[in-house]
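Engineer: Would you mind keeping the following structure in view while I ask a few things?
The values are calculated or read from the model by the stated rules, or taken from the named source; none is laboratory data. Predicted model only: the values in this text are computed from it and were never measured. Cβ coordinates were reconstructed from backbone atoms using ideal geometry, including for glycine residues, and neighbour counts include every protein chain displayed.
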Amino acid sequence: VKKLKAAILGATGTVGQRFIQMLHEHPWFEVSDLMGKTSAGRRYGEAVNWLWSPEVPEEIRGIEVKPSKPRNLDSNIVFSAIPADEARTVEPSFAEAGFPVVSNASAHRMDPTVPLIIPEVNSGHLGLIDGQREGKGWDGFIVTNPNCSAINLALVLKPIHDLLTIEKVIVTTMQAVSGAGYPGVPSLSITDNVIPFIEREEEKMVTETRKILGRLEGGRVIEASFPIAASCNRVPTIDGHLESVYIDAEGEVDIEGVKEALRNFRGRPQDLGLPSAPADPIIVREEMDRPQTRLDRMGGTVPGMSVSVGRLRHGVDDDSLQITLIGHNTIRGAAGTAVLIGELLLAEKLIGGG
Ligand SMILES: NC(=O)c1ccc[n+]([C@@H]2O[C@H](COP(=O)([O-])OP(=O)(O)OC[C@H]3O[C@@H](n4cnc5c(N)ncnc54)[C@H](OP(=O)(O)O)[C@@H]3O)[C@@H](O)[C@H]2O)c1
């Protein structure tokens with residue numbers, strides 16, 4: 001089968017590097033173009049400050065990084081990992097020029113015509129694409145993946161939302177430094193410390209989770225209505241966002257029933273057998289002291305693509321539920337979900353080689 005050509009916008013960044021790791025030996029995509037801002041004009045291997053082991057893949061090293069201009073781009077899909085203020089104008093220029101763009105940036109997530117997708121949770125929201133193209137007059141389109149903490153939360157809330165009537169969610173996060181990109185948080189600020197503020201993160205967790213869990217009706221998303229309060233903390237771990245979640249429900253919560261719903265949860269990517277779909281999107285741990293950031297962030301059959309949950313128990317009364325969860329912020333929380341969206345677009349024939 002002929003592979004589709006995939007371009008990466010922001011290829012030298014923290015998420016851009018994860019895209020390279022996930023795409024360079026992908027069965028359906030091949031890396032075609034790499035684009036950057038300050039790195040444009042240089043060979044990738046020289047421009048990048050590569051953060052991970054193993055090294056930059058050999059066939060990627062010599063590719064020349066291009067400026068982010070749609071002209072002369074020879075690709076079937078563009079994966080974007082650029083800052084939101086850049087994405088505001090750069091991503092529409094690609095969509096207008098006919099490219100499907102899958103974006104990690106927050107710039108277009110809350111646009112009512114832009115799907116905000118976790119493939120296991122709301123693949124049906126891709127139904128917004130036709131209206132987006134028509135409304136904006138674009139030949140291409142933009143699909144976004146959510147904020148890295150919102151992805152973990154919404155993925156775990158989905159089977160619970162299907163099982164119970166949720167009245168309220170209160171979440172406290174402990175987020176890794178790689179979530180701030182590179183160089184991100186200064187080492188003197190974060191070493192031996194916890195910082196109880198991440199700019200605009202709490203708002204994103206609230207608004208994005210409601211949109212993801214909303215239902216598509218008459219060409220628009222009717223957002224889930226339960227209130228969510230979030231407190232986001234930066235902690236000195238490298239990867240993985242851990243979250244303590246408190247849920248108030250209508251009526252008694254059957255803890256074993258919730259565990260079963262989480263364990264059995266599957267979505268469209270599992271039905272379609274997409275290459276980056278983990279067998280279990282949610283892993284339930286029974287140990288008292290799991291999940292843990294270092295031990296569980298790479299969990300699952302596709303490392304980093306499953307969210308691990310544990311410590312399921314009642315809160316102040318039987319109508320409540322407490323959960324601890326952990327997801328990998330640059331894999332499930334960013335590049336991994338974006339690649340899974342790309343695979344879904346291809347499997348659903350919303351993109352192609354033509
Ligand atoms: N880190 C995470 O866990 C995470 C999770 C979910 C979503 N996100 C989102 O993903 C995006 C990227 O985050 P990151 O953590 O990878 O940031 P980062 O490490 O700061 O990297 C951003 C990259 O974007 C490039 N860039 C800037 N302006 C550009 C432009 N106009 N055209 C092309 N490239 C441009 C830069 O490349 P040059 O070197 O060429 O200037 C830089 O390497 C952000 O929107 C972020 O909010 C991040």
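Engineer: For the stretch 234-264, enumerate the residues that are crowded, with 21+ Cβ neighbours inside 10 Å and in contact with a Pro (Cβ under 7 Å, 6 or more places away or on another chain).
Structural biologist: Passing the criteria: only 262.
Engineer: Sticking with this one: So the check is Cβ under 7 Å with 6+ separation or different chains; which pairs have a first residue in the stretch 321-343 that's within 18 Å of residue 299 (Cα to Cα) and outside any helix (DSSP H, G or I) and a second one that's within 13 Å of the ligand (Cβ to nearest atom) and among the acidic types (Asp, Glu)?
Structural biologist: 328/239; 329/239; 330/239
Engineer: Residues in the stretch 62-80: is at least one aromatic (Phe, Trp, Tyr), within 13 Å of the ligand (Cβ to nearest atom) and part of a strand (DSSP E or B)?
Structural biologist: Yes, the stretch 62-80 has at least one match.
Engineer: Taking the condition more than 20 Å from residue 170 (Cβ to Cβ) and in contact (Cβ under 8 Å) with a residue 12 or more places away in the chain, does residue 239 pass?
Structural biologist: Yes; evaluated as a whole, the condition is true for this residue.
Listed here are the residues, each with its yes/no results for (1) among the β-branched types (Val, Ile, Thr); (2) farther than 14 Å from residue 214 by Cα; (3) more than 16 Å from the ligand (Cβ to nearest atom); (4) in contact with a strand residue (DSSP E or B) (Cβ under 7 Å, 6 or more places away or on another chain).
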position	(1), (2), (3), (4)
84	no, yes, no, no
93	no, yes, no, no
96	no, yes, no, no
113	yes, no, yes, no
118	yes, no, no, no
125	no, no, yes, yes
133	no, yes, yes, yes
136	no, yes, yes, no
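Engineer: Against the conditions (1) in contact with an Asp or Glu (Cβ under 7 Å, 6 or more places away or on another chain); (2) surrounded by fewer than 20 Cβ atoms within 10 Å (Cβ to Cβ), where does residue 139 fall short? Just the number, please.
Structural biologist: That leaves (1) as the condition not met.
Engineer: Kindly indicate the residue of the stretch 42-54 that is more than 13 Å from the ligand (Cβ to nearest atom) and either outside any loop (DSSP other than H, G, I, E, B) or more than 19 Å from residue 183 (Cα to Cα) (or both) and also nearest to the chain's Cα centre (by Cα) among those meeting that condition.
Structural biologist: Checked the stretch 42-54; the qualifying residue nearest to the chain's Cα centre (by Cα) is 54.
Engineer: Next up: For residues that are in a loop (DSSP other than H, G, I, E, B) and under 25 Å from residue 352 (Cβ atoms), scanning just the stretch 5-21, find the one that is nearest to the ligand (Cβ to nearest atom).
Structural biologist: 10
Engineer: Which ones in the stretch 337-354 are modelled with pLDDT of 95 or more, away from the ligand (no atom under 16 Å from the Cβ) and at negative phi?
Structural biologist: 343, 344, 345, 346, 347, 348, 350, 351
Engineer: Within the bounds of the stretch 53-63, is there any residue that is polar (S, T, N, Q) and in contact (Cβ under 8 Å) with a residue 12 or more places away in the chain?
Structural biologist: no
Engineer: Where residues in the stretch 320-336 are surrounded by fewer than 24 Cβ atoms within 10 Å (Cβ to Cβ) and either modelled with pLDDT under 95 or of a type outside the set (A, V, I, L, M) (or both), which of them is farthest from the ligand (Cβ to nearest atom)?
Structural biologist: Only one residue fits best here, namely 320.
Engineer: To continue, here is another question. Which of (1) over 23 Å from residue 147 (Cα atoms); (2) at pLDDT 95 or above is the odd one out, the single condition residue 73 does not satisfy?
Structural biologist: Every condition holds for residue 73 apart from (2).
Engineer: Go through the stretch 145-183 and count every residue that is more than 15 Å from the chain's Cα centre (by Cα), within 12 Å of the ligand (Cβ to nearest atom) and either modelled with pLDDT under 95 or closer than 20 Å to residue 261 by Cβ (or both).
Structural biologist: 2
Engineer: For the subset of the stretch 218-233 comprising residues that are out of contact with any strand residue (DSSP E or B) (no Cβ under 7 Å at 6 or more places or on another chain) and over 21 Å from residue 163 (Cα atoms), which member is surrounded by the most Cβ atoms within 10 Å (Cβ to Cβ)?
Structural biologist: Of everything passing the filter in the stretch 218-233, 220 is surrounded by the most Cβ atoms within 10 Å (Cβ to Cβ).
Engineer: For the stretch 298-319, which residues satisfy the criterion of being assigned to a strand (DSSP E or B) and surrounded by fewer than 18 Cβ atoms within 10 Å (Cβ to Cβ)?
Structural biologist: 311, 313
Engineer: Something else: For the stretch 32-41, name all the residues that are over 25 Å from residue 3 (Cα atoms) and more than 9 Å from the ligand (Cβ to nearest atom).
Structural biologist: 41, the sole residue that qualifies.
Engineer: If you scan the stretch 27-61, which residues turn out to be small (Gly, Ala, Ser) and either at positive phi or loosely packed, with under 14 Cβ neighbours inside 10 Å (or both)?
Structural biologist: If the condition is that a residue be small (Gly, Ala, Ser) and either at positive phi or loosely packed, with under 14 Cβ neighbours inside 10 Å (or both), then 41, 53 are the ones that fit.
Engineer: Working only within the stretch 311-323, note down all residues that are touching an Asp or Glu at 6+ places or on another chain (Cβ under 7 Å) and not charged (D, E, K, R).
Structural biologist: Across the stretch 311-323, the qualifying residue is only 320.
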